[in-house]
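Student: Have a look at this one before I ask anything.
The values are calculated or read from the model by the stated rules, or taken from the named source; none is laboratory data. These figures come from a predicted structure and were not determined experimentally. No Cβ is skipped: glycine too gets one built from the backbone with ideal geometry, and neighbour counts run over all protein chains shown. To get the accessible areas, we keep the full protein, side chains included, count just its heavy atoms, and leave off ligands, DNA and RNA. Shrake-Rupley method; radii C 1.70, N 1.55, O 1.52, S 1.80 Å.
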Amino acid sequence: MFNLFKKDEVNPKDNFSLIAITSLLIHSAKIDENFTENERKIIKKTLIEMGANVENIDEIIKEAEKKEKDSNQILEFTKEVKNKSIEEKKTVVEALWNIIYSDNNPDMYESNLMRRLTGLIYIDPKIAGDIKERV
């Protein structure tokens with residue numbers, strides 16, 4: 001009965017989704033074997049844009065790092081992204097391109113990852129290309 005007066009809490013499903021998306025962003029940051037503080041800042045900014053509670057961001061990143069380390073495939077991460085709205089997908093793709101270009105040296109592994117991801121998250125390659133140009 002008094003639950004009506006409780007402060008809104010983070011939906012566990014939303015938290016799971018944010019962890020999966022963060023794992024994907026961390027995977028892209030680590031693909032060049034150099035996970036920088038700048039890439040971490042990009043990930044935090046993206047989480048805030050996607051509605052993460054600021055107080056929980058470090059916890060989400062910590063959990064996502066563990067999940068990314070324990071995983072051997074990106075499909076479990078992309079599954080969450082492909083179910084998002086087109087605007088949320090664009091936010092994720094923009095973050096991915098920002099991460100890739102954060103060191104001013106995109107390599108073939110990062111480019112290959114983006115080609116694979118656009119298909120896996122069901123986003124038009126033209127839209128991904130437009131976001132790449134903007135970044």
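Student: I need a count of the residues in the range 46-59 that are closer than 17 Å to Ile100 by Cα and out of contact with any helix residue (DSSP H, G or I) (no Cβ under 8 Å at 6 or more places or on another chain).
Tutor: 0
Student: Something else about it: Got a number for residues in the range 31-45 being loosely packed, with under 14 Cβ neighbours inside 10 Å and touching a residue at least 60 places away in the same chain (Cβ under 8 Å)?
Tutor: Going through the range 31-45 one residue at a time, the tally reaches 3.
Student: Those residues that are assigned to a loop (DSSP other than H, G, I, E, B) and among the hydrophobic types (A, V, I, L, M, F, W, C), I need them from the range 80-135; list them, please. Before you say what the answer is, go through the steps one by one.
Tutor: The first filter runs over the range 80-135 and keeps only residues assigned to a loop (DSSP other than H, G, I, E, B), leaving 83-85, 102-107, 121-124, 135.
Once the filter is applied, which keeps residues that are assigned to a loop (DSSP other than H, G, I, E, B) and among the hydrophobic types (A, V, I, L, M, F, W, C), the range 80-135 yields Ile121, Ile123, Val135.
Student: Of the conditions (1) of a type in the set (S, T, N, Q); (2) open to solvent by less than 50 Å² (accessible area, probe 1.4 Å); (3) without any contact (Cβ under 8 Å) to a residue 12 or more places away in the chain, Gln73 satisfies every one except a single condition; which number is it?
Tutor: Among (1) of a type in the set (S, T, N, Q); (2) open to solvent by less than 50 Å² (accessible area, probe 1.4 Å); (3) without any contact (Cβ under 8 Å) to a residue 12 or more places away in the chain, the lone unmet condition for Gln73 is (2).
Student: Let me spell it out: the conditions are (1) at pLDDT 95 or above; (2) surrounded by 14 or more Cβ atoms within 10 Å (Cβ to Cβ); (3) among the β-branched types (Val, Ile, Thr), and Ile86 meets all of them except one. Which number is the exception?
Tutor: (2)
Student: Going through the range 46-64 one residue at a time, which ones are surrounded by fewer than 16 Cβ atoms within 10 Å (Cβ to Cβ) and touching a residue at least 40 places away in the same chain (Cβ under 8 Å)? Lay out the reasoning, then the answer.
Tutor: Going through the range 46-64, the residues surrounded by fewer than 16 Cβ atoms within 10 Å (Cβ to Cβ) turn out to be 48-49, 51, 54-56, 58-59, 62.
Listed by number, the residues that qualify are Glu49, Asn56.
Student: Now a separate question. Kindly list the number of the only condition in (1) open to solvent by 50 Å² or more (accessible area, probe 1.4 Å); (2) within 14 Å of Glu68 (Cβ to Cβ) that fails for Ala20.
Tutor: (1)
Student: Test Glu76 against the criterion of being at pLDDT below 95, of a type in the set (Asp, Glu) and assigned to a helix (DSSP H, G or I), and give yes or no. Please lay out each step first, then the result.
Tutor: Working: at pLDDT below 95: yes; of a type in the set (Asp, Glu): yes; assigned to a helix (DSSP H, G or I): yes.
Yes; evaluated as a whole, the condition is true for this residue.
Student: Sticking with this structure for a sec: Please determine whether any residue of the range 30-41 is modelled with pLDDT under 95, part of a helix (DSSP H, G or I), under 19 Å from Ile100 (Cα atoms) and touching a helix residue (DSSP H, G or I) at 6+ places or on another chain (Cβ under 9 Å).
Tutor: Yes, because at least one residue in the range 30-41 is modelled with pLDDT under 95, part of a helix (DSSP H, G or I), under 19 Å from Ile100 (Cα atoms) and touching a helix residue (DSSP H, G or I) at 6+ places or on another chain (Cβ under 9 Å).
Student: Within the range 96-135, how many residues turn out to be under 20 Å from Asn34 (Cα atoms) and touching a Lys or Arg at 6+ places or on another chain (Cβ under 8 Å)?
Tutor: Going through the range 96-135 one residue at a time, the tally reaches 2.
Each row is one residue, and each column tells you yes or no for (1) out of contact with any Asp or Glu (no Cβ under 9 Å at 6 or more places or on another chain); (2) of a type outside the set (A, V, I, L, M).
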residue: Thr36; (1), (2): no, yes
residue: Gly51; (1), (2): no, yes
residue: Ile57; (1), (2): yes, no
residue: Lys66; (1), (2): yes, yes
residue: Val93; (1), (2): yes, no
residue: Asn105; (1), (2): no, yes
residue: Arg134; (1), (2): no, yes
